[in-house]
Amino acid sequence: MKINSTVKLTLLLLLLMSGAGTASAYLGYEAGKEALKGVSQPEINPSKKLTDKSKKYTEPSEFRPIDEKTILIKVYDHTHQKNKPAESQDKEEKQSSAIEEQTTQLVNYSQDTDNSPTLANLPLKVEDQGVSLEVKQATHEGTTLSLKVNLQNTGTTPIQFLYSFLEIKDNQGRSLSAITEGLPDELPPMSDNFVGMVKIPQALVEDSQTLSLNLTDYPDQKLQLNIAEIPIMR
């Protein structure tokens, strides 16, 4: 029987492919073997080593309580400061005494200022066009200097005031902020005496000796009620 030429060609190609595959596998094996020369297998399995190590750390250790005598000695030394030199103890005692003295002085000063008497040279009074303004007394109340003032209108026309126009200055010419309490916005004609307070923060007058107070009517601003040399007692 005569073999077809196509079959012959197919068989030839198969043989060539098989030979090429065998040659390529051999060459790859040799190349890998050459590359792994000098590489040796570890003596201990790493996973086993980690397992043994974890077991070691999880093993409970023996509890050893601290001796009670040792604790008591340390507490006694700390509370009685046996471990500090004598000079350091003397220095701390002096500092503690100084702090106590300063605290006592501050308390006494606070009590004195809260219960301070009326300032000297008062009352002071001024009058303009039948309207009178009087600073009756001035007292220290905690962190505030309070001026007790009287307002009265003996004229025949009502007088209006806007107390944001109240001007207060110290002897150095500095303008001071203040708030008023109890003073009316309008004085009726032939009015009774109205009593109010003008309060100034103590911090604003710490280095001042005297105050001046100026009040005018609103909106005409015809009145000039000006009281100067209001003393500030320390």
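Could you grab the relative contact order for the range 124-231? Cα pairs under 8 Å, six or more apart, rounded to a whole percent.
Normalised by residue count, the contact order of the range 124-231 is 30 percent.
If a spin label sat at a point 7 angstrom from the Cα of S177 along the line to its beta carbon, the backbone N atoms of the range 195-227 nearer than 18 Å would be those of 198-207. Size descriptors for the range 124-231: radius of gyration and Dmax over Cα atoms are 13.5, 42 Å.
Restriction of the trypsin sites (Lys or Arg not before Pro) in the range 164-219 to DSSP coil positions whose beta-carbon has at most 16 other beta-carbons within 10 angstrom yields R174. Here each label is just a point 7 Å from Cα along the line to Cβ, and for T70 and A203 those points are 5.4 nm apart. Each label was represented as a point 7 Å from its Cα along the Cα-to-Cβ direction; for L9 and T156 these points are 14.4 nm apart.
Over the range 177-234, what per residue volume does the convex hull of the Cα atoms give, in whole Å³?
Normalising the Cα hull of the range 177-234 by residue number yields 114 Å³.
The numbers here are math on the coordinates, done by the rules we state, and not lab data. All values derive from a computational prediction rather than experimental measurement. Using ideal geometry, Cβ is built from the backbone for each residue, glycine included, and neighbour counts are taken over all protein chains shown.
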